[in-house]
Amino acid sequence: MMSRETINFRPLSPFGIEVSEISINDINRKSLVSLKHVIANNGLVIFRKQAVSDADFVAFLSRLGPMTFTVGEIPVSHRPELNVVSNIGRERPPRSVFHTDTSYIARPPAFTALRALTIPVSGGGTLFSDQYRAYETLPTTVKEQLADARVLHVMSGLSLDEHQENQSWHPLFLRHPLSGRLALFLSTPERCQAISGMTIDRAQRIVRLLYQHSIRHYRLYRHRWQPGDIALWDNRCTMHRADHSQVIGDRLLHRGLVLDEPIV
């Protein structure tokens, strides 16, 4: 764990942790390595009161691993490594359902981070699901029957050309390389189109049941954004969605995606 002498931890309910009284700019290499293990075991870290720039944000994420970008997203003009997440100028609220970021490629991002720039007067929170807990609470018979299952994740909602990845197979039960724990690795059912060795109808029925099991309300953490917040989570054991209902005011965040490679 990162030293409690320099970093204050507060458990979130029902999962995740909050970090305060330290800037992402001041996290040294040793603590950065530990941070990856903290995220692997807790799924989600919220950094409070971060008076940092997009350049600082990119520098921090680049130290966690190589940054990546989802084709089709809108890049931040002065920092193309990041993309814009916003409701500004939209006639209708954006659509968001629980999902895993860019799971339709062979090497999905290990980490996603959001930096809050403009917070609405009310609403606009982000919900997170603990996919470790989702796996652990499955009946033993389901775990046994689906132990070796693989799921076909496909792209939706973006315009890609024929040379860009748009689908990939992944284990249904994904063992995290750092924590060693198994997580129920899913995305929205719209993007989980098949399970190995099953008919399409049966596979999609099972996906829907597992997905609903994953997002039961009592296992969700709801994050209410504050100015200066940075949320960093592990896509291998966490799903998320934005709550666009009853939002009053502008909501603007910048998002960065990181691949998992050893810190050097």
Q: Express the carbon and sulfur contribution to the solvent-accessible surface of the chain as a percent, rounded to the nearest whole number, probe 1.4 angstrom.
A: 50 percent
**Q.** trypsin sites (Lys or Arg not before Pro) restricted to DSSP loop in the range 181-264 with at most 14 other C-beta within 10 Å
**A.** Arg216, Arg224
**Q.** Accessible area of Ile46 in the full protein assembly, 1.4 Å probe (Å², nearest 10)
**A.** 0 Å²
**Q.** Largest-first principal axis extents of the Cα set of the range 125-176 (Å)
**A.** 42, 34, 18
(Q) I'd like the orientation of helix 54-64 relative to the chain: the angle between its Cα long axis and the longest Cα principal axis, in ° from 0 to 90, rounded to 10. (A) 50 degrees
Q) If you project the alpha carbons of the range 101-244 onto the principal axes, what extent comes out on each, in Å, largest first? A) 48, 40, 29
Q.
If you filter the range 1-78 for trypsin sites (Lys or Arg not before Pro), then keep DSSP loop positions with at most 12 other Cβ within 10 Å, what is left?
A. Arg4
Q.
Give me the extension gain from Asn28 to Asp243: residue separation times 0.36 nm, minus the current Cα-Cα distance, reported in nm with one decimal.
A. 74.0 nm
Q.
Give me the net charge for the shell around Val121: Cβ to Cβ below 15 angstrom, other residues only, Lys and Arg +1, Asp and Glu -1.
A. 0
Q) Taking the alpha-carbon centroid of each part, what is the distance from the range 9-76 to the range 173-226 in angstrom? A) 24 Å
Q | Net charge of Cβ neighbours under 11 Å - reference Ser96; Lys, Arg +1; Asp, Glu -1 | A | +1
Q. Tell me, in nm to one decimal, what length is gained between Ser20 and Tyr218 on full extension, where the rule is 0.36 nm per residue of separation less the Cα-Cα distance?
A. 68.7 nm
**Q.** Separation of the Arg92 and Glu73 label points, Cα + 7 Å toward Cβ, nm
**A.** 2.3 nm
Q.
Could you tell me what a quarter of the Cα convex hull surface of the range 148-205 works out to, in nm² with one decimal place?
A. 5.1 nm²
Q: Just reorder Thr199, Thr102 by solvent-accessible area, largest first, 1.4 Å probe, all chains present.
A: Thr199, Thr102
Q. With each pseudo-label sitting 7 Å past Cα toward Cβ, what's the Met198-Val84 distance in nm, one decimal?
A. 3.9 nm
Q) Within the chain, what's the longest stretch lacking GluC sites (Glu not before Pro) that sit in DSSP loops with no more than 16 other Cβ atoms inside 10 Å? A) 166-264
(Q) Quick one: 3J(HN,Hα) in Hz for the range 162-169, Karplus 6.51/-1.76/1.60 with θ = phi - 60°, rounded, Gly and Pro as x. (A) 5, 8, 9, 4, 9, 6, 6, 8
Q: Would you mind getting the accessible area per residue of the chain, heavy atoms of the protein chains only, 1.4 Å probe, in Å²?
A: 49 Å²
Q: Let me know the charge dipole size of the chain about its Cα centre in debye, to the nearest 20, where only the beta-carbon of Lys, Arg (+1) and Asp, Glu (-1) is charged.
A: 660 debye
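The values are calculated or read from the model by the stated rules, or taken from the named source; none is laboratory data. Quick caveat: nothing in here was measured; it's all calculated off a predicted structure. Note: ideal-geometry Cβ built from the backbone for every residue, glycine included; neighbour counts use all protein chains shown. The accessibility values were calculated without ligands, DNA or RNA, using every heavy atom of the protein model including side chains. Shrake-Rupley method; radii C 1.70, N 1.55, O 1.52, S 1.80 Å.
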